[in-house]
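Data first, discussion second: the structure below is written as structure tokens.
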Amino acid sequence: MADMAQTADGMVADDGIPLKVKLARATRRQKIRALLLVAPLGLFILLSFIWPITVMLFRSVDAPNFGKVMHRTAEVMATWNGDGVPPEGPAWKALVEDLQEARDNQTIGKAATAINFERPAARSLFTKSARHAKKIVGPPYKDQLIKIDKRWDDATLWALMKRLTPSMTSRFYANAVDRTFNAQGDIVQQPENRRIYLPLFWRTYILSAVVTLACLVLGYPVAYLLSVLPLRTSNLLMIMVLLPFWTSLLVRTTAWIAMLQTQGVVNSLLVWLGIIDDDNRMQLIFNATGTVIAMTHILLPFMILPLYSVMKTIPPSYMRAARSLGANQFTAYTRVYMPQTLPGVGAGSLLVFILAIGYYITPALVGGESGTLISNMIAYHMQKSLNWGLAAALGTLLLASVLILYGVYNRIVGVDNMKLG
């Protein structure tokens, strides 16, 4: 203690700085070092997880194209009450001027695409009218536009244009649950032939649950064997379990196409064994059956590994103790061993189910019409239809459903009971 002295303010070091201050400085330096160590991970999470989700949430309600391109029409339409008849007077002049300006600026495609998402074939109406709008030099604007295309006299079209003018909208979420807006602005169900998203959501949940159950049934005995077999044998089996990770996902999926098709390996083997007739080969591909089989094969290791890591930690002496107390093998297994594996079952099931919900490559290749999942529709809108708002709304609803299921799982089972080893 020779290098410290006692003052009225407390202990001080030999350099005259209070010990409390030096301790605070040292603690602050440790916090800064710890922050710098976790900063790369935090940046990675921000850029690869938080930022994309934030962009998706914003995109699902963002729709600036129509109101920005047709800005004069948007201003006039704000005062139109949508009483079942097209507006009069200034609205037609504003529409002509917007069409002319959009044609000159080459932005008519943005407005036409935005309205085409809500009303198929409306794109041609806007592009054709924009081409002919340059010939309109004065009133009557309404008669000249109707002469170009009679669809301009439809009040529902004007009501749709009014709904499209705000830059923030909820129509993508309405479409994502098979709803739309009528001419009065009320939310109604889509026509029956256009209700596709809710059935796809239900199909996604059902097929994901079936795949999870199949992985559990197949993976549980494999994990048990891995945990009880001698080390040399279990290592060989573990290599076989991990082997799919070393093979391209596309290769594994196309291999199932070759095996499950009508003239494929599986059907030919069943015919050779006499189980089915050659004229009655089973359709195992391009349907929900092919999706379940291929996804089960691909996701099976994600079930086996959590189960194995938990089973490996269960002492064999527990089973021997149960047998010594009079329990038979089945009772000892179901009453002593199996309950201790439930954390691994929960971890594997949750992992496989969440992965299955978001799968789209395998269902796209082997699913056909009845095996397509909601993720395939999200990919379609992102890559082909370019309706990013609807894709973002579908993705947000899928994320919300996963969070709800996770909350239910936490309430019933408890995340604290989930173990990966």
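Identify which of Thr79, Thr362, Thr27 has the largest mean-square fluctuation in a Gaussian network model of the chain, with springs joining Cα atoms closer than 10 Å.
Highest fluctuation among the options: Thr27.
Can you tell me the orientation of helix 155-164 relative to the chain, as the angle in degrees between its alpha-carbon axis and the longest Cα principal axis, to the nearest 10?
50
For segment 102-258, count all C-alpha to C-alpha pairs, find those more than 20 Å apart, and express that count as a whole percent of the total.
Result: 70 percent of Cα pairs exceed 20 Å.
Step through the table entries Lys135/Lys384; Lys93/Lys128; Lys134/Lys384; Lys110/Lys147, compare each Cα-Cα distance with 27 Å, and write down the pairs that go over it.
Lys135/Lys384; Lys134/Lys384
Any lysines with Cα under 26 Å of the Lys20 Cα? List them, leaving off those in the same chain fewer than 8 positions away.
Those lysines meeting the cut-off are Lys31.
Just to verify a number: FRET efficiency for Ile146 and Ile361, C-beta to C-beta distance, R0 = 45 Å, to 0.05? Working shown, then result.
Working: r = 49 Å, r/R0 = 1.08.
Taking R0 as 45 Å, the efficiency between Ile146 and Ile361 is 0.40.
Once phi is turned into θ = phi - 60°, what whole-Hz ³J(HN,Hα) does the Karplus curve with 6.51, -1.76 and 1.60 give for every residue of segment 288-298, x standing for Gly and Pro?
5, 4, x, 4, 5, 5, 5, 5, 4, 5, 6
Relative to the Cα centre, what is the charge dipole magnitude of segment 38-100, using +1 at the beta carbon of each Lys and Arg, -1 at the beta carbon of each Asp and Glu, and rounding to the nearest 20 debye?
280
Placing +1 on the Cβ of each Lys and Arg and -1 on the Cβ of each Asp and Glu in the chain, which of Thr233, Pro199, Ala34 has its Cα farthest towards the positive end of the resulting dipole?
It is Ala34.
Please report the projected area of the chain's Cα convex hull averaged over all directions, in nm². Show your work: numbers first, answer last.
Values: hull surface 159.1 nm².
Mean orientational projected area (the chain, Cα hull): 39.8 nm².
Divide by every residue of the chain the summed helix terms, -39500 (n - 2.57) for each DSSP H run of at least 4, and state the resulting mean residue ellipticity at 222 nm, rounded to the nearest 500 deg cm²/dmol.
For the chain, the value works out to -20500 deg cm²/dmol.
Once you charge only the Cβ atoms, +1 for Lys and Arg and -1 for Asp and Glu, what is the size of the charge dipole of the chain about its Cα centre, to the nearest 20 debye?
Computed charge dipole of the chain: roughly 560 debye.
Counting only heavy atoms of protein chains, what accessible area per residue, in Å², does the chain have with a probe of 1.4 Å?
57
Answer with one residue from Ser124, Leu299, Val210: the one whose Cα lies farthest towards the positive end of the charge dipole of the chain, charges on Cβ with Lys, Arg +1 and Asp, Glu -1.
Leu299
Evaluate the charge dipole of segment 142-222 about its Cα centre and quote only its size in Debye, nearest 20, assuming +1 on the Cβ of each Lys and Arg and -1 on the Cβ of each Asp and Glu.
It comes to approximately 120 debye.
What is segment 218-325's relative contact order, in percent, from Cα pairs under 8 angstrom and six or more apart in sequence?
38
Just to confirm the number: angle between the C-alpha axis of helix 388-412 and the first principal axis of the chain, 0 to 90 degrees, nearest 10?
Result, in degrees: 30.
Can you bin segment 266-330 into rounded, prolate or oblate? Criterion: square roots of the alpha carbon gyration tensor eigenvalues sorted a ≥ b ≥ c, rounded for a/c under 1.5, prolate for a/b above b/c, oblate for the rest.
Details: a/c = 5.10, a/b = 2.16, b/c = 2.36.
Oblate, because a/c is 1.5 or more while a/b does not exceed b/c.
Which of Leu23, Gly290, Met11 sits closest to the plus end of the dipole of the chain, meaning its Cα is farthest towards the positive end, when Lys and Arg get +1 and Asp and Glu get -1 on the C-beta?
The listed residue farthest towards the positive side: Met11.
Rounded, prolate or oblate: which fits segment 183-297 when a ≥ b ≥ c are the square roots of the eigenvalues of the alpha-carbon gyration tensor, with rounded for a/c under 1.5 and prolate only if a/b beats b/c? All intermediate terms of the calculation are to be shown ahead of the outcome.
Values: a/c = 2.78, a/b = 1.54, b/c = 1.81.
Judged from the Cα gyration tensor, segment 183-297 comes out oblate (a/c at least 1.5, b/c at or above a/b).
The values are calculated or read from the model by the stated rules, or taken from the named source; none is laboratory data. Just so it is clear, the structure is predicted and the values come from calculations on it, not from any experiment. Note: ideal-geometry Cβ built from the backbone for every residue, glycine included; neighbour counts use all protein chains shown. Please note that ligands, DNA and RNA were not included when accessible areas were found on the heavy atoms of the full protein model with its side chains. Shrake-Rupley method; radii C 1.70, N 1.55, O 1.52, S 1.80 Å.
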